[in-house]
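Visitor: Structure incoming, see below.
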Amino acid sequence: MSCQVILRRATGHGPAAAAGKVELGYLFLPQAWGFGYAAEACTAALAWLDEELPGEPVVLFTQTANARSMRLAAKLGFTEAGRFDAYGAEQRFGLRPPATESDALTDDSQATTVAVEEPSGRRRTSSRS
Ligand SMILES: CC(C)(COP(=O)(O)OP(=O)(O)OC[C@H]1O[C@@H](n2cnc3c(N)ncnc32)[C@H](O)[C@@H]1OP(=O)(O)O)[C@@H](O)C(=O)NCCC(=O)NCCS
């Protein structure tokens with residue numbers, strides 16, 4: 001597997017304000033960096049979420065030293081809701097407010113598959129085209 005985009009309910013590893021909210025996570029192998037793939041896959045995952053659970057805010061935890069991840073979070077519409085220390089580093093608590101109808105995906109030219117981790121731990125894949 002060369003990449004992973006996960007949507008799940010945040011557990012206790014972030015600030016209390018984030019617990020139970022939908023959390024986005026992403027992990028791509030270095031050879032897949034720098035092409036916009038992560039942004040495209042995360043955009044598709046968030047669009048799927050907006051359809052399935054309209055009105056859900058999304059949280060994201062990012063090491064502040066991780067410049068690529070911070071740039072991606074900003075691109076995806078996350079704004080800073082706080083900072084905290086974990087795993088020996090400063091973390092940024094990002095929050096993406098619920099989408100409006102005008103935020104809907106406009107570029108349907110490419111198919112994207114995303115993996116979603118449900119609260120039960122079951123994983124589900126979804127394709128958009
Ligand atoms: C965080 C991570 C997913 C970001 O990957 P990324 O490839 O930099 O992210 P994007 O998909 O937004 O791609 C942006 C880059 O693609 C480039 N790009 C090239 N072609 C592009 C295109 N057609 N469209 C958009 N961007 C394009 C952009 O210029 C940008 O490059 P730059 O950062 O050198 O300026 C990746 O670094 C990663 O997996 N890191 C390890 C795991 C991690 O840190 N996870 C976060 C935990 S919270």
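Visitor: Among (1) at pLDDT below 95; (2) surrounded by 11 or more Cβ atoms within 10 Å (Cβ to Cβ), which single condition is residue 90 missing?
Guide: It is condition (1) that residue 90 fails.
For (1) within 12 Å of the chain's Cα centre (by Cα); (2) at pLDDT 95 or above; (3) not aromatic (Phe, Trp, Tyr), each residue gets a yes or a no:
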| residue | (1), (2), (3) |
| --- | --- |
| 36 | no, yes, yes |
| 59 | yes, yes, yes |
| 66 | no, yes, yes |
| 76 | yes, yes, yes |
| 83 | no, yes, yes |
| 99 | no, no, yes |
| 107 | no, no, yes |
| 121 | no, no, yes |
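Visitor: Among the residues of segment 1-25, write down those that are of a type outside the set (A, V, I, L, M, F, W, C) and without any contact (Cβ under 8 Å) to a residue 40 or more places away in the chain.
Guide: Filtering segment 1-25 for residues of a type outside the set (A, V, I, L, M, F, W, C) gives 2, 4, 8-9, 11-15, 20-21, 23, 25.
Of everything in segment 1-25, those that are of a type outside the set (A, V, I, L, M, F, W, C) and without any contact (Cβ under 8 Å) to a residue 40 or more places away in the chain turn out to be 2, 11, 12, 20, 21, 23, 25.
Visitor: Right, something else. Could you grab the pairs with beta carbons closer than 9 Å, sequence gap of 6+ or different chains, first residue in segment 26-40 and of a type in the set (S, T, N, Q), second one more than 6 Å from the ligand (Cβ to nearest atom) and modelled with pLDDT under 95?
Guide: Going by the 9 Å Cβ cut-off, the qualifying pairs are 31/2.
Visitor: Moving on. Test of understanding: among 40, 23, 51, which residue is surrounded by 15 or more Cβ atoms within 10 Å (Cβ to Cβ) and of a type in the set (Asp, Glu)?
Guide: On the way: 40 fails: surrounded by 15 or more Cβ atoms within 10 Å (Cβ to Cβ); 51 fails: surrounded by 15 or more Cβ atoms within 10 Å (Cβ to Cβ).
On inspection, the qualifying residue turns out to be 23.
Visitor: Here's a check for you: in segment 54-88, which residue that is basic (Lys, Arg) and within 8 Å of the ligand (Cβ to nearest atom) is farthest from residue 18 (Cα to Cα)?
Guide: Taking segment 54-88 first, the residues basic (Lys, Arg) are 68, 71, 75, 83.
If we keep only those that are within 8 Å of the ligand (Cβ to nearest atom) as well, we get 68, 71, 75.
Working: 68: 22, 71: 21, 75: 20 Å.
Result: 68.
Visitor: Right, another one. Pairs, please: C-beta under 6 Å, at least 6 apart or cross-chain, first residue under 17 Å from residue 37 (Cβ atoms) and in segment 52-74, second part of a strand (DSSP E or B) and within 10 Å of the ligand (Cβ to nearest atom)?
Guide: Listed by first residue and then by second, the contacts come to 69/62; 73/60; 73/62; 73/94.
The values are calculated or read from the model by the stated rules, or taken from the named source; none is laboratory data. Nothing here was measured: the structure is a model prediction, and the numbers come from that model. Glycine gets a Cβ as well: all are built from the backbone with ideal geometry, and neighbour counts include every protein chain shown.
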